[in-house]
Amino acid sequence: DAKTTQPPSMDCAEGRAANLPCNHSTISGNEYVYWYRQIHSQGPQYIIHGLKNNETNEMASLIITEDRKSSTLILPHATLRDTAVYYCIVRAYNAGNMLTFGGGTRLMVKP
Amino acid sequence: DGGITQSPKYLFRKEGQNVTLSCEQNLNHDAMYWYRQDPGQGLRLIYYSQIVNDFQKGDIAEGYSVSREKKESFPLTVTSAQKNPTAFYLCASSQQGWDGYTFGSGTRLTVV
């Protein structure tokens, strides 16, 4: 699995967009970008994933650069309940293997 | 509602005792996983199972054991051989052909 680099922490004002970056410069052609988040003392929750096109669902948007070496998770209107650790994971789809979670980004949404 | 149930949420044991953490899923998922999380750290894989009666070691399997006798259940035993068992333990499952993982709410084990 390609290694990812995320900032350890970020702050965001409530109601504003939260933009969480992830670098994955060694990503290979068959590897997807996945985002999960973990609210304190709970299990991680799937957010979104993508290969090369931008993706959007009810929770967030995922923007992947054209060279696929980095991506940004966007929470369009952050709420206090979005305070969590966000993990960016890169791996091949249906590789039959497990997910590897790094340190993630601790997002603090402030009133 | 379908999901993964981990029990208990909090567990206390004396040093030297084995303890078994429960994980049950009703999602009909083929694969199940156990992760360990230490304070301020990411998740580390202990064991995983892709089908019944088969499982493989993850990155930190020493001092742990598992079984997969039923598709719905994947219990984890923390043995006395695990040197630092105090941690947050997470169970997850996934379906073949889809890499989205569903996690349980975790069990926080404290060994005193």
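Here, each number is a calculation from the coordinates, and none is a lab measurement. Since the structure is predicted, the reported quantities are computational estimates derived from the model, not experimental observations. Note: ideal-geometry Cβ built from the backbone for every residue, glycine included; neighbour counts use all protein chains shown.
To the nearest 20 debye, what charge dipole does the stretch A:44-111 have about its Cα centre, counting +1 at the Cβ of each Lys and Arg and -1 at the Cβ of each Asp and Glu? Before the final figure, lay out each step's value.
On the way: 7 positive and 5 negative charges, 41 e Å.
Computed charge dipole of the stretch A:44-111: roughly 200 debye.
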Which whole-number percent of Cα pairs in the stretch B:1-73 have a distance greater than 15 Å? 61
Regarding the stretch A:1-109, what are the three Cα extents along the principal axes, ordered largest first, in Å? 36, 29, 24
Along the stretch A:77-83, Karplus-curve 3J(HN,Hα) (6.51, -1.76, 1.60; θ = phi - 60°) to the nearest Hz, with x for Gly and Pro, reads 9, 5, 10, 4, 6, 7, 4
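Full-extension gain between residue A:63 and residue A:79, please, as 0.36 nm times their residue separation minus the C-alpha to C-alpha distance.
Here the answer is 3.7 nm.
Translational D (Stokes-Einstein, µm²/s) of the stretch B:39-102 at 4 °C and 1.567 mPa s when Rh comes from the Kirkwood sum over C-alpha pairs?
Working: Rh = 12.9 Å.
Answer from the Stokes-Einstein relation: 100 µm²/s.
To the nearest 0.05, what FRET efficiency results for residue A:53 and residue B:15 with a Förster distance of 45 Å applied to their C-beta separation?
Values: r = 52 Å, r/R0 = 1.16.
Plugging the Cβ-Cβ distance into 1/(1 + (r/R0)^6) gives 0.30.
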Taking the Cα centre of the protein assembly as shown as the origin and placing charges on Cβ (Lys, Arg +1; Asp, Glu -1), which of B:91, A:105, B:63 is farthest toward the positive end of the dipole? B:63
Both in Å, the radius of gyration and Dmax of the C-alpha trace of the protein assembly as shown are 17.7, 54
